[in-house]
Amino acid sequence: MIKNSYKPLRIAVIGAGVRGTSLARKLSTSEFPTQVVAVAEPNKLRRTAFAREYALPEDAQFPSWQAFADSSMMCDAVIIATMDNQHTGPAVACLKRGCHILIEKPLADTFDGCQLIERTQRESGLVVSVCHTLRYMDAFRQIKQIVDDGVLGQLIHIEHMEAIGHLRFTHNYVRGRWSKQENNTFLLLHKCCHDVDFLAWLIDDECARVSSFGSLTYFTPANAPDGSGKRCLQNCRLADSCLYSALRIYVDADLTDRLQDLGKVDTREDRLDAIQHGPFGVCVWQAGNNVVDHQVVSMEFLNGTTVTCTLSGYAAVHGRRTRIQGTKAELLFSEATDTITIRMFSESEPEHIQVQKLDSYHPEDQEIVDNWLSGIFDPMSKRMTVDAREALRTLAIVFAAERSRKESRTVEMEEFYSDSG
C-alpha cells in the first residue's frame, strides 16, 4: 500500500473556508500519506474550527498567509483556497519556501500574477496543480472522450453557456461576496475560467483571437421599480410581489440553497435579523454591485474552430449547456438534466447518454487531491491535469476577453503569447 511506502507529507491550508476545508478533508481519504500541520485564515471562527478538527496547536494557527510564510513551521506542501485576488502572494511565497502547491482556480487574478507563479514554479521544480474542476467531472470527461474518439468528426463550432439561475446570481453576484470586482475579481474570471479552460481543452489547439461584449444591465439603481427601497424590510412597498424579496427568499424559504451564508440562521428571528442588518437584505437594485450580469466571448482557434462562451445571470434553470457541431454529428449537453445527446448525420435516431448526477459537494475534489499528491510522491506516474503552465495558457484567453470587452476591440492572442514566453 502507498500509505505505508512514504513518509507523510506535511501540508498547510491557506484559506479555511468552504473550498479549503473540502480539499483538506479529501487528504484523509487519499491513498497517499499526509498530515495537516498548519492553517492560515484571517477569520478567527473559521481558523479555530479548522484547528480543532485537525488538533492543531496554537503555534500552528496563523491569522494570515504572510504570518505563515514568515514562520519557521516545517511544511512540504500547501493548499491555497483564498479569494481570487489573494493567490499570487501566497503562491509565490510558498514556492520560494520550498512547498508544492494545490491552488484553487484561477491561478491568479492578473496575467502578470499567473506568469509570476508559473515562472517561480518552473525555476523551483516543485509541483503546482490548479483546481479547474470541469476536467475531473464525469460529464465533461465523457464529452472530451467523444470528441477525441472522432465521433463528431472535425470540430467546426462550439456554443457553450454558463447559465446562472437568477436567484443564485443575485445571491452571489448582486448581494453576495463576489458582487464587487475590487473585492475579488471580474466575473468572467471568477465564474467562467472553468468553462474557457474546458473549451480550450476540447479543441486542443491555440486560440488565435478573441472578442467579447457584456455589461451590468439590469441590477442598477436606474432600474429600481417604483415603491422599492434601500432594504427589503425597511422602506419597500413591493415585498409581496418582488421576485427578489429577501423575506420571501431567505426567511419564508431557502430559495437559493445558500441560507448558511447569512450567518446564524437557526430560527426565523435569526434570519429576520440577518436580512434586517446584513447584505442579503439589501434591495437588488441598490446593492452597489459592479460585476457584469451577462457577457459573451467569441473565440477563433488556429485550426479554424470557432467558439462562443456565454455567461448570463438570467437563467430560469441553473446549469451549463453545450452544443458541439462537427462534420459528422452534433452533440448537445445539459448540466441541468445530466444528459448528452448525439445526433449522427448518418442516423435517423439520436443517442442519449445519461451522465452521473452529482450527489455531493464537489465529488471531484478527491481526484483533484489525488492527482496533485501523485505528482509529488511519484513524479513519473502521470502529469498534472492542469499545472501552472496549462492554467496560464487557458487563462490568457479569459484575460484577452476582458481586455476586448473593456477596449471594444478584437484581441489577437499574440499579445499574450509573446508575453508568456
| query | Which of the residues belonging to the range 300-314 are in contact with a strand residue (DSSP E or B) (Cβ under 6 Å, 6 or more places away or on another chain) and open to solvent by 10 Å² or more (accessible area, probe 1.4 Å)? | reply | GLU300, LEU302, THR306, THR308, THR310, SER312
| task | Take the residues in the range 181-209 that are part of a helix (DSSP H, G or I), open to solvent by 10 Å² or more (accessible area, probe 1.4 Å) and of a type outside the set (A, V, I, L, M, F, W, C), then tell me which one is farthest from ASN85 (Cα to Cα). | result | HIS194
| said: If the requirement is being out of contact with any Asp or Glu (no Cβ under 7 Å at 6 or more places or on another chain), at pLDDT below 95 and on the phi > 0 side of the Ramachandran plot, which of these qualifies: GLY125, GLY98? | reply: GLY125
| query | Mind checking which residues of the range 268-299 are open to solvent by less than 20 Å² (accessible area, probe 1.4 Å), more than 17 Å from LEU243 (Cα to Cα) and either free of Cβ contacts under 8 Å to residues at least 12 places away in the same chain or assigned to a loop (DSSP other than H, G, I, E, B) (or both)? | reply | GLY278, ASN289, VAL291, VAL292
| field | Subset of the range 345-369 [polar (S, T, N, Q) and modelled with pLDDT of 90 or more] | value | SER346, SER348, GLN354, GLN366
| request: Would you mention how many residues in the range 210-253 are within 30 Å of THR305 (Cβ to Cβ) and in a helix (DSSP H, G or I)? | output: 0
| query | Taking ARG168, is it among the basic types (Lys, Arg) and either open to solvent by less than 10 Å² (accessible area, probe 1.4 Å) or over 30 Å from ALA253 (Cβ atoms) (or both)? | reply | no
| Residue in the range 130-138 that is open to solvent by 20 Å² or more (accessible area, probe 1.4 Å) and basic (Lys, Arg) present | no
| note | For ALA396, the lone unmet condition from (1) open to solvent by less than 20 Å² (accessible area, probe 1.4 Å); (2) of a type in the set (A, V, I, L, M); (3) in contact with a strand residue (DSSP E or B) (Cβ under 6 Å, 6 or more places away or on another chain) is (3)
| Can you pull out the residues in the range 235-259 that are open to solvent by 40 Å² or more (accessible area, probe 1.4 Å) and hydroxyl-bearing (Ser, Thr, Tyr)? | SER241
| query | If we scan the range 91-104, do we find a residue that is open to solvent by 40 Å² or more (accessible area, probe 1.4 Å), in a helix (DSSP H, G or I), over 30 Å from LYS357 (Cα atoms) and not aliphatic (A, V, I, L, M)? | reply | yes
| query | How do the pairs read when you match residues in the range 370-397 that are within 22 Å of ASP109 (Cβ to Cβ) and outside any helix (DSSP H, G or I) with residues anywhere that are charged (D, E, K, R) and modelled with pLDDT of 90 or more, using Cβ under 9 Å and keeping only pairs 6 or more apart or on different chains? | reply | MET384/GLU390; THR385/ARG135; THR385/GLU367; VAL386/LYS105; VAL386/ARG135; VAL386/ASP197; ASP387/GLU118
| Can you tell me which residues in the range 36-46 are farther than 15 Å from GLN86 by Cβ, open to solvent by 10 Å² or more (accessible area, probe 1.4 Å) and in contact (Cβ under 8 Å) with a residue 24 or more places away in the chain? | VAL36, VAL37
| message | Cβ-Cβ distance below 7 Å, separation of 6 or more or different chains: which pairs start in the range 61-90 with a residue that is among the polar types (S, T, N, Q) and end on one that is assigned to a loop (DSSP other than H, G, I, E, B)? | response | SER64/PRO42; THR82/GLY15; ASN85/ASP109; ASN85/ASN184; ASN85/THR185; THR88/ALA108
| task | For the range 32-49, enumerate the residues that are more than 23 Å from VAL128 (Cα to Cα) and either more than 22 Å from the chain's Cα centre (by Cα) or of a type in the set (Lys, Arg) (or both). | result | LYS44, LEU45, ARG46, ARG47, THR48, ALA49
| query | Out of the range 139-153, which residues are assigned to a helix (DSSP H, G or I) and either open to solvent by less than 10 Å² (accessible area, probe 1.4 Å) or closer than 30 Å to HIS87 by Cα (or both)? | reply | ALA139, PHE140, ARG141, ILE143, LYS144
| task | For the range 72-93, enumerate the residues that are acidic (Asp, Glu) and more than 19 Å from the chain's Cα centre (by Cα). | result | ASP76
| Tally time: how many residues in the range 315-344 are part of a strand (DSSP E or B), modelled with pLDDT under 95 and open to solvent by 40 Å² or more (accessible area, probe 1.4 Å)? | 0
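The values are calculated or read from the model by the stated rules, or taken from the named source; none is laboratory data. This one's a predicted model, so the numbers in the text were calculated from it and none came from an experiment. Cβ sites come from the backbone with ideal geometry, for glycine too, and all protein chains shown count toward neighbours. Ligands, DNA and RNA are excluded from the accessible area calculation, which covers all protein heavy atoms including side chains. Shrake-Rupley method; radii C 1.70, N 1.55, O 1.52, S 1.80 Å.
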